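Visitor: Sharing a structure with you now.
Each reported figure results from applying straightforward, stated rules to the coordinates on display, with no laboratory input. Remember, predicted model here, so these are calculated numbers, not experimental data. With ideal geometry, Cβ positions are generated from the backbone for all residues, glycine too; neighbour counts draw on all protein chains shown.
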Amino acid sequence: MTINFRFVSSVRRFACLRTACVVVLVTCLATVAASDDVETLAFTETEIDRILLHGPWPSELPEDAGNELSGIAWAEQLGEALFFDKKLSGNGTLSCASCHQPVNGFADGLAVAHGVTQHVRNTQGLWNIGAQRWFGWDGGADSLWAATLRPLLSPVEMAGDIPSIADWLRQKPVAYQAFNEHRRYQSLPNQDEALVVFAAKCIAAYMRTLVSEPTAFDQFRQALADEDEEAQSIYSVSAKRGLKIFIGDANCHACHYGPHFSNGEFHDIGRPFFTGVGQVDPGRYSGIERLQEDRFSLTGLYNGTKDQNEIRKSTSVRKGQVNFGQWRTPSLRNLLLTAPYMHDGSVLTLDAVVKTYVHIDLQRLHAKGESILRPLSLSDSQIADLVSFLKSLSP
């Protein structure tokens, strides 16, 4: 057989040329893509400043207002034991951990809480709860210990009562001995009530220690602060695009700012407040009402620190029609652990959460000052990027 080497040589040259062209084309496409990423993901100085405001993490926690046991190790340890104690409930089958389950981000994964009876509100996770100033969806408690006491006595939650809880605590040597060694409580007129408040303050001291781990976002933020480009590159491209939307056009950071991704205030975001035929959950309005009637608030007998600034904050709030349908801005940390979302657990996924703001009904907004909200003009890919960023806020 005769081989035409000239033909083979030509074929080889053509194959090499074709390969070279493909390499050049791929290189060009990669260059264009890289240029697009650089253009899309380049953060301005203003954006970097906004990002840096969301850290560092963990941040310093304030003391629990009015709780003289806050930050004390033995109180935290005793509080942890009481947190898991079912005997504190009226029927002996529920503990704080029944609804605030550690494996579920100290929430329960249900749309609305199920205590002795079904509640109308979603169980909030307890991670980083010590950073709050007002507690509950409606801010009806002005301290963590008062917020802890409420479910112990609530007929729809743990349904306990002061005498029964006090009787059980007296049978727990560690708890009762600690109570008796705290002289301040011995002078209080109602010893049963004082003992139960003491227990609630211990549980609150424990809950204040629940601080979540740093996240992928926190690592990126620190790399940004350190100007470490290599460390910045580990953060996903999609999350970076979502972050840019979060602090940019979507303006999410206006309410979800700071290390805890929450301003701790109350806003009307157009969520319905009807819970059934003829039934309404008025949100912050009812929270202020309850706070003003609560003898366990910071204005009452059991304020153990008498911080006048904290007392003034509690006495300065006034309810008005504007508070109807307002809910406390939740932290965005640990979102992957706390679905479903919103105060009534009516939104099942993070994708759906973002879409509620894409399709927000401005006609539902009745509260003054909520004009900051506008329907978000986001494409499907932008929604996916924003969700990617939100996911990066969970460890």
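Visitor: Can you put PHE220, PHE43 in order of Cβ neighbours within 10 angstrom, beginning with the fewest?
Guide: PHE43, PHE220
Visitor: Can you tell me which of GLU229, GLU68, GLU193 moves the most in a GNM of the chain? Springs connect C-alpha atoms under 10 Å apart.
Guide: GLU229
Visitor: A further question on this structure: Please list, in order along the range 141-151, the HN-Hα scalar couplings obtained from phi with the Karplus expression 6.51 cos²θ - 1.76 cosθ + 1.60 (θ = phi - 60°), rounded to whole Hz, x for Gly and Pro.
Guide: 10, 9, 8, 5, 5, 5, 5, 6, 5, 4, x
Visitor: Would you be so kind as to identify which of PRO340, PHE389, TRP327 lies farthest towards the positive end of the dipole of the range 261-395, taking Lys and Arg as +1 and Asp and Glu as -1 on Cβ and the Cα centre as origin?
Guide: It is TRP327.
Visitor: With labels modelled as points extended 7 Å from the Cα through the Cβ direction, what inter-label distance (nm, one decimal) is found for PHE274 paired with ASP161?
Guide: Using points 7 Å along Cα→Cβ, the separation is 3.8 nm.
Visitor: Summing +1 for each Lys or Arg and -1 for each Asp or Glu, what net charge is found among the other residues whose Cβ lies under 13 Å from the Cβ of LEU78?
Guide: Residues close to LEU78 contribute a combined charge of -2.
Visitor: Sticking with this structure for a sec: Taking neighbour counts of Cβ atoms within 10 Å as a proxy for exposure, in what order, fewest first, do TYR302, TYR235 appear?
Guide: TYR235, TYR302
Visitor: Still on this structure: When only alpha-carbon atoms count, how far does the range 124-169 stretch along each of its three principal axes, as whole angstroms with the largest first?
Guide: 32, 20, 17 Å, listed from the longest principal axis down.
Visitor: Please compute the contact order of the chain in relative form: average sequence separation of alpha-carbon pairs under 8 Å and at least six residues apart, divided by the residue count, as a percent.
Guide: So the answer I get is 22 percent.
Visitor: Under 1.5 on a/c is rounded, so check that first for the range 225-374, then, if it is not, pick prolate when a/b is larger than b/c and oblate when it is not; a ≥ b ≥ c are the square roots of the alpha carbon gyration tensor eigenvalues.
Guide: Note, shape of the range 225-374 comes out oblate.
Visitor: Further, regarding this structure: Counting other beta carbons within 10 Å of each residue's own, what order do ASP218, ASP294 fall into, fewest first?
Guide: ASP294, ASP218
Visitor: Alpha carbon centre of the range 310-357 versus the range 108-122: separation in Å?
Guide: 16
Visitor: Output the peptides 174-180, 373-379, 325-331, 280-286 sorted from most to least packed, where packing is the average of other Cβ atoms within 10 Å over each peptide's residues.
Guide: 325-331, 280-286, 174-180, 373-379
Visitor: Could you work out the helix-only [θ] at 222 nm for the chain, with each DSSP H run of four or more residues adding -39,500 (n - 2.57) and the total divided by the number of residues, to the nearest 500 deg cm²/dmol?
Guide: Rounded to the nearest 500, it is -13500 deg cm²/dmol.
Visitor: Rounded if a/c is under 1.5, else prolate if a/b beats b/c, else oblate: with a ≥ b ≥ c from the C-alpha gyration tensor eigenvalues square-rooted, which is the range 185-314?
Guide: It is oblate, given that a/c is not under 1.5 and a/b is not larger than b/c.
Visitor: OK, next. On a full-extension model of 0.36 nm per residue, what is the gain between GLU230 and GLU60, subtracting their alpha-carbon distance, rounded to one decimal in nm?
Guide: So the extension gain works out to 58.4 nm.
Visitor: How large is Rg over Rh for the chain, taking Rg from the Cα atoms and Rh as the Kirkwood inverse mean of 1/r across Cα pairs?
Guide: With Rg and the Kirkwood Rh in hand, the quotient comes to 1.14.
Visitor: Oh, and also: If we sort 55-64, 238-247 on the protection proxy, mean other Cβ atoms within 10 Å, highest first, what's the order?
Guide: Taking the mean over residues of other Cβ atoms within 10 Å, the ranking is 238-247, 55-64.
Visitor: Just add up the charged neighbours of MET207: K/R +1, D/E -1, any other residue whose Cβ is under 12 Å from the Cβ of MET207.
Guide: My count for the surroundings of MET207 gives -1.
Visitor: Let me ask something additional. Using the reciprocal of the averaged 1/r over all distinct C-alpha pairs, how large is the Kirkwood radius of the range 222-296 in Å?
Guide: Mean inverse Cα-Cα distance, inverted, gives 16.3 Å.
Visitor: Bins of 10 Å, beginning at zero and ending with the bin holding the largest distance: percent of Cα pairs per bin for the range 146-229, please.
Guide: 15, 35, 19, 10, 13, 7, 0
Visitor: Report the gain in length on full extension from ALA42 to ALA97: 0.36 nm times residue separation, minus Cα-Cα distance, nm rounded to one decimal.
Guide: 15.4 nm
Visitor: Moving on. List, in order, the whole-Hz ³J(HN,Hα) value for each residue of the range 60-67 obtained from phi through the Karplus relation with A = 6.51, B = -1.76, C = 1.60 and θ = phi - 60°; use x for Gly and Pro.
Guide: 6, 9, x, 6, 6, 4, x, 10
Visitor: With each label point set 7 Å from Cα along the Cα-Cβ vector, what nm distance links SER377 and VAL358?
Guide: 1.5
Visitor: Using Cα springs under 10 Å in a Gaussian network model of the chain, which residue among PHE273, PHE106, PHE296 shows the largest mean-square fluctuation?
Guide: Taking springs between Cα atoms under 10 Å, the residue moving most is PHE273.
Visitor: Another question, then. Do any of LYS244/LYS355; LYS172/LYS201; LYS172/LYS313; LYS240/LYS355; LYS201/LYS313; LYS87/LYS306 go past 26 Å between their Cα atoms, and which?
Guide: With Cα atoms farther than 26 Å apart: LYS172/LYS313; LYS87/LYS306.
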